[in-house]
Amino acid sequence: MATPPVLLLALLAVSSQTEPTPSPVLFQPKVEDAMLTPVPPAPRLVKDWNEALGLVRERSTDLRSAEAGVQRASGRWRQALGALLPNARVQAGVAHDLLNPDVPAGVSPGAAGDGRTPTTPAGTVTATLTQSVVDVSAWRGLSSARAAEAGAVASLQDVRRRLTLGVAQVLVATVAAERAAEINRVGLRQALERAALTQRSFELGAGNQLDVVRVEQDVAVARGALIAGDEQLRQTREALGFTLGFGQPVGVDPSFNLQGLVDQTRNDCAPLESLDARPDLVASRAQVESAKDSRRQASAGYLPTLGVSSTLYGLTTDPGFGRFATWNVSAVLSVPIWEGGSRSGLVRERAGVEEQASAALESARRDVELEVAQARRGVQVAEALVKTATESRDLAERTDRLTRRAFEVGRGSSLELVQSAAALRQAQLTLVLREFELVQARLDAFLTEARCDW
């Protein structure tokens, strides 16, 4: 007859045979292991969403690069506008003939006027004013620069949206890794307790060596999961630090409110009225318009240009301080005839740029439509997965509880104990991941159809 199950896992109180037998106290193993110590916290912790977004604004190189792109586009537009505005220039000079010191250098004697002679050395001043009247190429260049500036502004808005999404994703991943590391330690502790329980049974003669080996194998599996989870946690902390502009790991404060993250992002970003208003599509359309106007600018180089020029010339005289000798106004018509074929090559180049921009716009539109459709569907899928993961976790907990109880009273095997423990750990991890995936899916669904103007 087998040993009574109660003797296997109970600590019997010392009493005389005449006293009533007290209720058995179940064996509660106490385990200690160095791997149960949590991963040390990161050197820097993020407490809330506003702090994370503030660090991105302050330290993001992508954001600074996009802002510099807007500045460059604005400068290009100003240069294009300058070609259409009046151009005024004043030039002053002093000339002296070293071989003939008494003769004014570079000045005709009659320029000084009646009764005056140019001084030696001769001082001259020339003021020139030019104005473009008809220049189709310059106007096309201005339109191209204006479209490029609008595209740069839209690109900046898209960078802000992507940075918002990227920070939210890495925050969710970091919190998920923190939670997974905690669950892995709970799983290792439970595996160690089962190992101690099985070892106790073996010592009391109710188990065998195979039972001990099985639970030790389960402990080894739990240790492996813990090691992998800790490394994943370190990598997510490093990714968070990189995203926030630091060269060191950054963690998430335990008080960080992940559930309110979606609501907080809504305060910094606004939903779009239509999908065509998404910043990356706006930027792509602006690039197409810029490329089209740039090609037209090159084609307009074959057309003549008309401008007006006025020159005022003065010199120093004796007696007196000087006089303005001439002031002329002229109209200048410039007709291009032949430039060696460079203009034709420029037109073909700009046409190729326009085709590339049009293809990029069509590709971006397809990507956005697919991204939005997947993001909308992702929320429904994530909600369904959370529901099934919750049910699976509850069933795994119930199975593990019943299996452990059956093993404690001698009705279960060590194989069932190990299998139920492994299933419970996996179900707990899966549920955690599914919950964070749901938060991420909601963020993706919102930010794929939003514009961030922070």
Full extension between Val213 and Gln264 adds, at 0.36 nm per residue less the Cα distance, a length in nm of 13.3 nm
Output for the chain (equivalent-ellipsoid semi-axes, sqrt of 5λ from the C-alpha gyration tensor, Å, descending) is 85, 25, 16
With Rg from the Cα atoms and Rh as the Kirkwood inverse mean 1/r over Cα pairs, the stretch 104-214 has an Rg/Rh of 1.81
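Taking only DSSP H segments of four or more residues, each worth -39500 (n - 2.57), what value at 222 nm results for the chain once the sum is divided by all its residues, to the nearest 500 deg cm²/dmol? Could you put the intermediate results ahead of the total?
Working: 8 runs with 266 residues, N = 454.
Computed ellipticity for the chain at 222 nm equals -21500 deg cm²/dmol.
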Low-density loop chymotrypsin sites (Phe, Trp or Tyr not before Pro), the stretch 318-422, at most 16 other Cβ within 10 Å, DSSP non-H/G/I/E/B, are Phe321, Trp338
Taking only the Cα positions of the stretch 373-454, the convex hull volume per residue in Å³ is 78 Å³
Counting only protein heavy atoms and leaving out ligands, DNA and RNA, the solvent-accessible surface of Glu383 at a 1.4 Å probe, in Å² to the nearest 10, equals 80 Å²
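Report the equivalent ellipsoid semi-axes for the stretch 264-351 in whole Å, largest first, defined as the square roots of five times the eigenvalues of the gyration tensor built from alpha carbon atoms. All intermediate terms of the calculation are to be shown ahead of the outcome.
Details: eigenvalues 521, 144, 20 Å².
Output for the stretch 264-351: semi-axes of 51, 27, 10 Å.
Provide the gained length on full extension for the span Val133 to Ser363, in nm with one decimal, where the gain is 0.36 nm per separating residue minus the Cα-Cα distance. Provide the component values of the computation, followed by the final result.
On the way: separation 230, 0.36 × 230 = 82.80 nm, distance 4.08 nm.
Once the chain is fully extended between Val133 and Ser363, it gains 78.7 nm.
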Heavy-atom accessible area of Val381, protein chains in place, probe 1.4 angstrom, given in Å² to nearest 10, is 70 Å²
The ³J(HN,Hα) series, computed from each phi in the stretch 188-203 with the Karplus coefficients 6.51, -1.76 and 1.60 at θ = phi - 60°, rounded to the nearest Hz and given as x for glycine or proline, is 5, 4, 5, 5, 5, 5, 5, 5, 5, 5, 5, 4, 5, 5, 5, 5
Across all Cα atoms of the stretch 214-263, Rg and the largest Cα-Cα distance (Dmax), in Å, are 15.6, 48
Taking N as the number of residues in the stretch 169-254, the ratio of its alpha carbon radius of gyration to 2.2 N^0.38 Å works out to 1.51
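How big is the Cα convex hull of the stretch 207-363 in projection, averaged over all directions, in nm²? Before the final figure, lay out each step's value.
On the way: hull surface 108.0 nm².
Across all orientations, the stretch 207-363 yields a mean hull projection of 27.0 nm².
Restricting to Cα atoms and excluding each atom paired with itself, what does the Kirkwood estimate give for the stretch 195-243 in Å?
Values: mean 1/r = 0.0776 Å⁻¹.
The answer is 12.9 Å.
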For the chain the mean separation of alpha carbon contacts under 8 Å (6+ apart) over residue count, i.e. relative contact order in percent, is 24 percent
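Would you list Thr317, Thr130 from the most to the least accessible area, probe 1.4 Å?
Ranking Thr317, Thr130 by accessible area, largest first, yields Thr130, Thr317.
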With 0.36 nm assigned to each residue of separation and the Cα-Cα distance removed, Thr326 to Leu275 gains 12.0 nm
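Using a probe of 1.4 angstrom, how much of the accessible area of the chain is carbon and sulfur, in percent? List each step's numbers first, then the result.
Details: 14110 of 25800 Å².
Ligands and nucleic acids excluded, carbon and sulfur reach 55 percent.
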Among beta bridges assigned by DSSP with both residues in the chain, the antiparallel ones amount in percent, to the nearest 5, to 90 percent
Residues meeting the amide H criterion for Gly412 (H placed from the backbone, H to H distance under 5 Å, 5 or more places apart or on another chain) are Phe407
A correct Kirkwood calculation over the Cα atoms of the stretch 26-73 returns a hydrodynamic radius in Å of 15.4 Å
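The values are calculated or read from the model by the stated rules, or taken from the named source; none is laboratory data. Just so we're clear, the structure is a prediction, and the values are computed from it rather than from any experiment. Neighbour counts run over all protein chains shown; Cβ positions are idealised from the backbone, glycine included. Keep in mind that these areas ignore ligands, DNA and RNA; they rest on the heavy atoms of the full protein, side chains included. Shrake-Rupley method; radii C 1.70, N 1.55, O 1.52, S 1.80 Å.
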